[in-house]
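Before any comments, here is the structure.
No lab work stands behind these numbers, since they all come straight from the coordinates. In this text the structure is predicted, and so the values were computed from the model without any measurement. Here the Cβ is made from the backbone with ideal geometry for all residues, glycine too, and neighbour counts use every protein chain on show.
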Amino acid sequence: MENFKKALAELIGTFILVFIGTGSAVLAGDKIGNLGIGFAFGLTIVAAAYSIGTVSGAHLNPAVSLAMFVNKRLSALTLVWYVVAQVVGAFIATSALKMIASEKGVSGLGANALNGISVGTGFLVELVLTFIFVLVIVTVTSETKGNAKLAGLVIGLTLTMLHMIGIPLTGLSVNPARSLAPAIFTGGVALNQLWIFILAPLVGGILAALVAKYLLNTEASAK
């Protein structure tokens, strides 16, 4: 029952993240620009952290959950619950956006893509930006190094910051769940490039977990 409650919180939180964040790009991107899109994602994280985060920690991202598993803050079973819930939440949100965009006559669902850069460069961009994002999350939520009162704000502002460089290059994923549904619904090039936006964030998340543990000593058991 505990895992179910946490998973439901992750589903709701990921739905909100994708619906508001991706929705802002799809439905209002030409009006609010990259800065506005970045704030839409960032402020959603802040809202989620101080609401559903009280139940699940508000990972909303398989790369974050994987990092928490690597650093033994999450069991393997809970990791599975979280990732499934995050993917389902993202799919529901994208489905809702698809319906709204169709009625508005807007094409596209915010699928990530390589904007004039090579596959290798795109992979590196997503890996590095995810590394930064997850490193901040793992550190600021640490029992030994963190600050629980400010964690949501710090994480949200970090995600906002990353959008400033990430949007022009890849549309910024740093979150496999956020990328999966739009690519599947869109197909074509977006689907062919999807592996980048799944694998790179997961690798970046693992590296961040290890650096946080062994360099920043974020885990109580780390030496």
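Values for this structure:
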quantity	calculated
Span-like helix ranges in the chain, DSSP H, alpha carbon extent 27 angstrom or more, Kyte mean at least 0.5	23-49, 76-104, 119-140, 148-170, 194-214
Distance violations [Cα-Cα > 25 Å] among K72/K145; K5/K213; K72/K149; K5/K145; K5/K72	K5/K213; K5/K145
Whether segment 87-127 is rounded, prolate or oblate, judged on the alpha carbon gyration tensor where a/c under 1.5 counts as rounded	oblate
FRET E, pair E103, K145, Förster distance 45 Å, beta-carbon r, rounded to 0.05	0.45
Overall form of segment 158-223 per C-alpha gyration tensor (a/c, 1.5; a/b vs b/c)	prolate
Sparse-neighbour loop sites [trypsin sites (Lys or Arg not before Pro); segment 75-163; at most 16 other C-beta within 10 Å; DSSP]	K145
Charge dipole magnitude, Cβ of K and R +1, D and E -1 - the chain, Cα centre, debye nearest 20	300 debye
Calculated [θ] (222 nm, deg cm²/dmol) that DSSP helices of n ≥ 4 give over the chain, each run adding -39,500 (n - 2.57)	-25000 deg cm²/dmol
The chain: C-alpha gyration tensor shape, a/c 1.5 cut-off, then a/b vs b/c	prolate
